[in-house]
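The values are calculated or read from the model by the stated rules, or taken from the named source; none is laboratory data. As the structure is a prediction and not an experimental result, all values here were calculated from the model. As a convention, Cβ positions derive from the backbone with ideal geometry for all residues, glycine included, and neighbour counts pool all protein chains shown.
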């Protein structure tokens, strides 16, 4: 009796589990962002209406740099109660139209008080009140008057700069992508972010200061960056689209899924430190440029990430699907799908649709959408192997 020697078997290689980012990039899983455009437009419409209503009925709380007023600065050893003590001392004067007194600290040895324009008598009273709390002479309190005309000039110049910026950005995106509709979609998404950010300021009542303007200008660049990343992938996917078996909307939606994880990671990493700045300015310091800057950045970055995926891409896809070359391309896909369906009539038909703007294209076989390998489209019914009698096989 001989022993049988079995060769050792190699250990099975464990199947590596693919990450969500990889599966999104390869198309194993995806979400129809473009197809659900009505849902995103409705959400954005509600947010825009709330923002516009807040601007119309509440308005913006302009800072002293824009509406004019009096500015006082005094040397003092800053403590935890300094801001409240100085504010209480100034409010105790019961000056007319002084409900929005702003008290901040500059470093650890200066307190700053901002009020609306005052008369000479009122200026003397405020200096005396601040000096009593600070333990100094009234003449040691620095005073400066900011005229309203200066603030109007700043506002006008900022508006002009914003318009010039939008025009230049539109031209740059048009030149880079060689597609005017991409620049239009990017600017629409950018205006969407600006209106929502300004509307949140009006709704909450935060003071609009130069720090706010800095935050708004910062979110302009962030919103455009995220949109350009998505558009760059769309351009790559839609290269020579008329010779492919996919619609523009399908490829644009695939591009969004491919960069989705990157956009989310970028947004989360950017928002976390901004949230810390906002929390520090609003709840620890109570006032100052950190609060104003943090709110603009926090709202603008979230709105920018949202608009680049849910607004800019569907708007671009709908505009492109209205072009004659895309309409001809869809019709060609429909005819191709119809021929493939005729050749495989013995198989159960599975029909899908492609959403294009407000219209829905005629039934298109999933093969044209990339759900079935393209090589199987025109193959027709598979031929069965022929069988010969045993007598013929022996010969």
- Among the residues of region 321-339, write down those that are buried (at least 18 other Cβ atoms within 10 Å of the Cβ) and within 35 Å of the chain's Cα centre (by Cα). 321, 326, 329, 330, 333
- So, in region 175-190, of the ones that are within 20 Å of the chain's Cα centre (by Cα) and free of Cβ contacts under 8 Å to residues at least 24 places away in the same chain, which residue ends up surrounded by the fewest Cβ atoms within 10 Å (Cβ to Cβ)? 187
- Task: Report, by residue number, each residue of region 60-79 that is part of a loop (DSSP other than H, G, I, E, B), out of contact with any helix residue (DSSP H, G or I) (no Cβ under 6 Å at 6 or more places or on another chain) and under 21 Å from residue 205 (Cβ atoms).
- Result: 63
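Tally up the residues in region 258-280 that are surrounded by 21 or more Cβ atoms within 10 Å (Cβ to Cβ) and under 17 Å from residue 310 (Cβ atoms), please.
Residues flagged as surrounded by 21 or more Cβ atoms within 10 Å (Cβ to Cβ) and under 17 Å from residue 310 (Cβ atoms) within region 258-280 amount to 1.
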- Query: Which residue, of 234, 269, is out of contact with any helix residue (DSSP H, G or I) (no Cβ under 9 Å at 6 or more places or on another chain), assigned by TED's automatic domain parsing to the domain that holds residue 36 and in a helix (DSSP H, G or I)?
  - Reply: 269
- Within region 151-162, can you find the residues that are loosely packed, with under 13 Cβ neighbours inside 10 Å and either under 20 Å from the mean Cα position of the chain (by Cα) or over 16 Å from residue 214 (Cα atoms) (or both)? 153
- Message: Taking the criterion of being touching a strand residue (DSSP E or B) at 6+ places or on another chain (Cβ under 9 Å), outside the structural domain of residue 237 (by TED's automatic domain parsing), in a loop (DSSP other than H, G, I, E, B) and modelled with pLDDT under 85, would at least one residue in region 336-350 satisfy it?
- Response: no
- Considering only region 125-142, state which residues are within 12 Å of residue 70 (Cα to Cα) and surrounded by 18 or more Cβ atoms within 10 Å (Cβ to Cβ). 126, 127
- Which residues, taken from region 102-121, are at negative phi, without any contact (Cβ under 8 Å) to a residue 40 or more places away in the chain and surrounded by fewer than 18 Cβ atoms within 10 Å (Cβ to Cβ)? 106, 108, 109, 110, 119, 120, 121
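For (1) in the same structural domain as residue 197 (by TED's automatic domain parsing); (2) modelled with pLDDT of 85 or more, each residue gets a yes or a no:
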position	(1), (2)
301	yes, yes
328	no, yes
332	no, yes
373	no, no
391	no, no
- Message: I'd like to check something: does region 76-89 contain any residue that is under 30 Å from residue 191 (Cβ atoms), in contact with a strand residue (DSSP E or B) (Cβ under 7 Å, 6 or more places away or on another chain) and touching a residue at least 12 places away in the same chain (Cβ under 8 Å)?
- Response: no
